[in-house]
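Take a look at the structure set out below.
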Amino acid sequence: MTAQVHSQIQIPTGKTVWLTGLSGAGKSTLASRLTDRLRGQGQPAEWLDGDELRRNLGRGLGFSREDRFENIRRAVYLAGMLNRHGVTAVVSLISPYADMRDYARRELPGFVEVYVDCPLPVCEQRDVKGLYAKARRGEIPEFTGISDPYEIPANPELTLRTAERTPEECVEELAAWLTGNRLDPLRA
């Protein structure tokens, strides 16, 4: 009788880098560049963009607190699936409420909250879609930062100030932080 030895397959668990901040703060720009950087280094990574998620998975959801939480719940579910397969999820969502981000932190091992800090006037200047102007005219109800609150993260792992630094500098800072805190997906 021969003994069979089964080797255990080790699949690394991916991380979730969650970028939160006002519309126009630079979340998508940073998420796109970080995702490209990770892929360029051979790391499986997917960017989950708030606009794309709403368009493809959140049709019918509005901007009430309940609908926003449902949108976050869906993003967390998708990020968790990616993470279980060793893929780093880079999420760029306004995620305006602390309880929503706390939910994501509880559900996602390896969760990294990155506050993309940018003053409201700068976000409004950057707004190519004119959403802030529409919100100020009352055409968009429940718009974060104007008629709906944004709860600034109390203890994010990292704060990136995009009004003071270039996107390249911010991505460098984020990559250095991930590496220095042993959350670099390539070294995990």
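The values are calculated or read from the model by the stated rules, or taken from the named source; none is laboratory data. As the structure is a prediction and not an experimental result, all values here were calculated from the model. Virtual Cβ from ideal backbone geometry, glycine too; neighbours counted across all protein chains shown.
Descriptive notes on the structure:
- Some residue of region 158-173 being crowded, with 16+ Cβ neighbours inside 10 Å, assigned to a loop (DSSP other than H, G, I, E, B) and not acidic (Asp, Glu): yes
- Among the residues of region 118-147, the ones that are farther than 17 Å from residue 162 by Cα, surrounded by 13 or more Cβ atoms within 10 Å (Cβ to Cβ) and among the charged types (D, E, K, R) come to 3 in all.
- Restricting attention to region 128-155, the residues being assigned to a loop (DSSP other than H, G, I, E, B), under 19 Å from the mean Cα position of the chain (by Cα) and touching a residue at least 60 places away in the same chain (Cβ under 8 Å) number 4.
- Among helices (runs of 4 or more DSSP H) entirely within region 8-114, having at least 1 residues that are modelled with pLDDT of 95 or more singles out 27-40, 65-84, 98-107.
- Residue pairs whose Cβ atoms lie under 8 Å apart, separated by 6 or more positions or on different chains, with the first residue in region 55-66 and touching a residue at least 12 places away in the same chain (Cβ under 8 Å) and farther than 15 Å from residue 100 by Cβ and the second aliphatic (A, V, I, L, M) and part of a helix (DSSP H, G or I), are 57/78.
- Residue, modelled with the highest pLDDT, within region 174-188, restricted to residues that are over 23 Å from residue 25 (Cβ atoms) and either charged (D, E, K, R) or assigned to a helix (DSSP H, G or I) (or both): 179
- Near pairs, Cβ below 8 angstrom, 6+ apart or cross-chain, from region 72-90 (in contact (Cβ under 8 Å) with a residue 40 or more places away in the chain and hydroxyl-bearing (Ser, Thr, Tyr)) to any residue that is assigned to a helix (DSSP H, G or I) and surrounded by 16 or more Cβ atoms within 10 Å (Cβ to Cβ): 88/38; 88/82
- Residues that are among the aromatic types (Phe, Trp, Tyr) and in contact with a helix residue (DSSP H, G or I) (Cβ under 6 Å, 6 or more places away or on another chain) within region 60-115 comprise 69, 111, listed in sequence order.
- Inter-residue pairs, beta-carbon under 6 Å, first under 15 Å from residue 42 (Cβ atoms) and in region 173-187, second assigned to a helix (DSSP H, G or I) and at pLDDT 75 or above, 6+ apart: 184/178
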